[in-house]
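Before any comments, here is the structure.
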Amino acid sequence: MTVHGFADLHAHPVAHASFNSAVLQGAPWDPPGHCNHSILSPISYSVLGTDHNKNPTHHTKIHQQMFADQYDRLYDAGLRLMVCSFTNNVLLAEIFASPEAYDHKNVLAQLCALRELVQCVPRLAVVGNAKQARSAIANGKIACIISLELDRLFGEPVHHAEDLSHSHELISRQLDYYSSLGARIFHLAHVVDSPICGCAVYEDLFNIASAYLKYKFMCDCGQEDYYFKLQCASKEDGYLFKPKNTTLLSTLALGPDFPQTTSYAYGEYGMRNAVGLTAAGVPVIEQLRQKGLLVDGQHMSQKAVDEALDLNTPLFFSHDTVRFVSQSEEQYRETENSRTDEQLQRLPSKIIGLGTGTEKDTLCKFFDQAEDLIHRGYTVAFGTDFNGLGGQPKGLDYIPAVGPSVVKGTPYFLRDGLSHYGMLADVVYYLKEHRPLIYCNMMQSTEAFLQHWESYAPNAPDFDLHTVRTT
Ligand SMILES: [Zn+2]
Ligand SMILES: [Zn+2]
């Protein structure tokens, strides 16, 4: 039976258990204003964000934004499928709290946290394949799929100049292990180059992380005809990105002997990673395919995405943006992590998770990009990246009338921006009333994703969260 309802293809509902439990304040079952079991040093607040003791805001980086009591409301608005991404960032965890923030340790911690979350929220059902997802949804649940968004997927050492070359057997064993823990979607790179492929580089954080973990900065293609720009990509600015306290983070991570911040100034154009798909990456993609595991192309370098498409890799993108200039906002911050026209034409399936935006954007960007993709024949899902430390879109200066469906007392997302996950329901009600084209399309996104899953991973095994061993 066809499923009616929207999907969020990228969120971090248990990110509080990531980063050695050191970065995100508060758990999903805490009341919104009580996130004060702080591990972080005060210095982290100035680097990553503030408001750790208050309610979350749209620009919060370190305050929990996804609460257990919001899922019923999201279900009522039509949420039927959510990708729960297990992530980690060794740099942030080690700098701000504790050493040895290995990825596999953090995957297990997030799996335990997900079990706790599902106990609080019986509405959530973690599934291993599309068949399980369909039956969970038919029973009134939100199907939840585990994905891995890690830097060192195969247990490569951190603080090591070279990636180890892995044997076929070792890769296979590691994929089987993660699959036994329920992971069904794999990012091939996150914020540093992996042994599989280069990552998309669009913030100083990525280069700092690379220097911290691998003793090297990312290398740019320097191609003159690269047609999109990163913010402030001029020689006069010297640097592409200067977030307020990158210098501080860089000093903490790399010490005073390293450059205070990384120069991206290659002529007029934005940085693009010279590393594509590696020789080791090709068999990994083949193994993923054979084992019924999906590849999420988000965070792969442009070169890696192009090369993976040459190999007919069934990529999908979970929290993407499109490189175009919108009508309602002058220019977007398009980066290597955004899809080119050519890539969009070459994608094997027509489902795309669209990022809601960061704290510098308004939701207008999301609306414009969704419409653009719908006109190109895509089905659009959310790719909110909530709790992903990237911030959420801010409110509008001008607030159009919102429908009666906005619950009394809920801050208007149009005024305040997307402060927490529950407000996604307001966005959906707003779309239903004011942007029906987007609404109708998005309500087909769960079905579109399930069809993608069925066609590219027909042999994905069942998964049972309650019996899986986490030690
Ligand atoms: Zn991401
Ligand atoms: Zn993420």
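Here are the numbers for this structure:
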item: Per-pair calculated FRET efficiency, R0 = 22 Å: HIS168 and GLU454 via Cβ, rounded to 0.05; result: 0.20
item: Residues of region 438-471 with amide N under 18 Å of the 7 Å Cα→Cβ point at SER135; result: 450-451, 454, 458-468
item: Fully extended contour minus Cα-Cα distance, from SER98 to SER180, at 0.36 nm per residue; result: 26.7 nm
item: DSSP-assigned coil residues among trypsin sites (Lys or Arg not before Pro) in region 119-221, each with at most 14 further Cβ atoms within 10 Å; result: LYS216
item: Long-range amide H partners of CYS199 with built H, under 5 Å; result: ASP193, SER194, SER301
item: FRET efficiency for ASN55 and ARG415, using Cβ-Cβ distance with R0 set to 25 Å, rounded to 0.05; result: 0.95
item: Gain upon complete extension [ARG115, ASP30; 0.36 nm per residue less C-alpha separation]; result: 29.0 nm
item: Extension gain, THR251 back to ILE374 (0.36 nm per residue minus Cα-Cα distance, nm); result: 39.9 nm
item: Loop GluC sites (Glu not before Pro), region 62-168 (other Cβ atoms within 10 Å of the site Cβ: 11 or fewer; DSSP); result: GLU100, GLU162
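Every read-out reported here was derived from the displayed coordinates using simple, explicitly stated rules and does not represent laboratory data. Computed from a prediction, not measured in an experiment: that's the story for all the values here. All Cβ positions, glycine included, derive from the backbone under ideal geometry; neighbour counts span all protein chains shown.
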